[in-house]
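As structure tokens, the structure follows; a few thoughts come after it.
The values are calculated or read from the model by the stated rules, or taken from the named source; none is laboratory data. Bear in mind the structure is a predicted one, so any value in this text is a computation, not a measurement. A quick note on method: Cβ atoms are made from the backbone with ideal geometry, for glycine too, and the neighbour counts reach across all protein chains shown.
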Amino acid sequence: MPAITCDACGNLVSVVKFSPAHTSVQWNGAAARSCAEAGDGPFRGCLALRRSIENAVTAGALGLHTRDHDLL
């Protein structure tokens, strides 16, 4: 899975896009704990990271995964 850095906080997460609407994000513990948008409750996502992912797609740094092979 490619790594994406949040433009707001610098956290690094693994991301794969299966379609324009389906994005899978794999957080490590340190990134989830340090995210300002995570809060104390169940983690629901981060708008700043979402914007960073969208920027990576627009820039061509992150494309759609075809599922032709296993994710790394």
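Points worth noting:
- Within the stretch 43-56, the set of residues being of a type in the set (Gly, Ala, Ser) and modelled with pLDDT of 80 or more comprises Ala48, Ser52, Ala56.
- Considering only residues in the stretch 1-11 that are part of a strand (DSSP E or B) and surrounded by 13 or more Cβ atoms within 10 Å (Cβ to Cβ), the one that is farthest from the chain's Cα centre (by Cα) turns out to be Thr5.
- Restricting the stretch 57-72 to residues that are surrounded by 15 or more Cβ atoms within 10 Å (Cβ to Cβ) and out of contact with any Pro (no Cβ under 8 Å at 6 or more places or on another chain), the residue that is modelled with the lowest pLDDT: His65
- Pairs with Cβ under 7 Å, 6+ apart, first in the stretch 16-42 and under 15 Å from Ser52 (Cα atoms) and at pLDDT 85 or above, second outside any loop (DSSP other than H, G, I, E, B) and polar (S, T, N, Q): Val16/Ser24; Lys17/Thr23; Gln26/Ser14
- For the stretch 18-33, residues that are in a helix (DSSP H, G or I), of a type outside the set (A, V, I, L, M, F, W, C) and surrounded by 11 or more Cβ atoms within 10 Å (Cβ to Cβ) total 1.
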